[in-house]
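*Asks:* Structure below; questions to follow.
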Amino acid sequence: MLEAQKFSVAYGAHRAVEGVTIRLGPGEVVAVLGANGAGKSSLLRGLMGLAPAQGRLLLEGEDVSFLAQRGLTEALVGRGLVLVPERGGVFRSLSVRENLLLGGYRTGEPPWRDIFSLFPALEARLGQRVGSMSGGEQRMVALARALAARPRYLLLDEPTLGLAPLLAKRLLATLKAFAAQGVGVLLVEQNAGLALQVAQRAYLLQEGRIVREGSAETLLHDPIVRQAYLGG
Ligand SMILES: Nc1ncnc2c1ncn2[C@@H]1O[C@H](COP(=O)(O)OP(=O)(O)O)[C@@H](O)[C@H]1O
Ligand SMILES: [Mg+2]
């Protein structure tokens, strides 16, 4: 279980995330919804020690708050926390193979079989330079790279941003496959409709605070979610 308690992220006087409490279990897909500027990226970056964080962070019951608070990202990655950032997450000048090997540098050989079963298109393109691939393909490489690191908890920052609807749907479907392997997936999305199709639970973030939480089903029917994020 990944647990953040009263977790905050502040850039100087600007508090982007304020006292957020969230839980993510192994094998779960949990969505974090919210408008642009709500603090979604700050929350993920704070959990990884990549933004100035305060509050408690527990991993399998162990208090690892100091790792996030002191920016010890490497140590968090070593404990199975992996972030796919909003943009990038790949080395564009390197080949697909090199990207995946780098993703797995800590944990050894990437799980090739799993990666190819989720992203069959990548197998024939291992030698291709990632910078020459389409945006959607690069997203796949970023996800495959994260998988190569054998994450226990995978934090995804708007993985479908800029993707064609069909590709976005396919990509989110692969997250269910990640989760079926026991990975906990925290999915940040502006596209609430899509996110609630794959997530079991969700949190709604507004101005850095959680204003709603519950099952995907509950949030799908919540008036605030419907009005603000699902077009009424
Ligand atoms: N590095 C930063 N320095 C200062 N303010 C930031 C920084 N990153 C984000 N912010 C501010 O924090 C708030 C939340 O941003 P962000 O976490 O990116 O929201 P979201 O991902 O939900 O769009 C915004 O007001 C944004 O301007
Ligand atoms: Mg963001």
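The values are calculated or read from the model by the stated rules, or taken from the named source; none is laboratory data. In this text, all values refer to a predicted model and were calculated from it rather than measured experimentally. Because the Cβ atoms are built from the backbone with ideal geometry, glycine has one as well, and the counts that use them run over all protein chains shown. When the accessible area is computed, the model is the full protein with side chains, heavy atoms only, and any ligands, DNA or RNA have been set aside. Shrake-Rupley method; radii C 1.70, N 1.55, O 1.52, S 1.80 Å.
*Asks:* At 10 °C and a viscosity of 1.306 mPa s, what translational diffusion coefficient does Stokes-Einstein give for region 91-150, taking Rh as the Kirkwood radius over Cα pairs? Give it in µm²/s as a whole number.
*Replies:* For these conditions, the coefficient is 145 µm²/s.
*Asks:* Show me the helices of the chain, taken as full DSSP H stretches, that run 18 Å or more along their long axis by Cα and average -0.5 or above in Kyte-Doolittle hydropathy.
*Replies:* 135-148, 165-180
*Asks:* Here is a follow-up. Once every DSSP H run of n ≥ 4 in the chain is given -39500 (n - 2.57) and the sum is divided by its residues, what mean residue ellipticity at 222 nm do you get, rounded to the nearest 500 deg cm²/dmol?
*Replies:* It comes out at -10000 deg cm²/dmol, rounded to the nearest 500.
*Asks:* Rounded to whole Å and sorted largest first, list the principal axis extents of the Cα atoms in region 25-140.
*Replies:* 45, 34, 27
*Asks:* Still on this structure, I have one more. Average projected area of the Cα convex hull of the chain, in nm²?
*Replies:* 11.8 nm²
*Asks:* Would you mind telling me the share, in percent, of accessible area of region 91-150 contributed by carbon and sulfur at probe 1.4 angstrom?
*Replies:* 52 percent
*Asks:* Further question: What would the Debye equation give as log₁₀ I(q)/I(0) for region 126-190 at q = 0.28 Å⁻¹, counting only Cα atoms as equal point scatterers?
*Replies:* Results for region 126-190 at q = 0.28 Å⁻¹ read -1.34.
*Asks:* I'd like the antiparallel share, as a percent to the nearest 5, of DSSP beta bridges with both residues in the chain.
*Replies:* So the antiparallel bridges amount to about 55 percent of the total.
*Asks:* Which FRET efficiency, nearest 0.05, do Asp114 and Arg170 yield, Cβ-Cβ r, R0 25 Å?
*Replies:* Between Asp114 and Arg170 the formula returns 0.90.
*Asks:* If you count only protein heavy atoms with a 1.4 Å probe, what accessible area per residue comes out for region 78-138, rounded to a whole Å²?
*Replies:* 53 Å²
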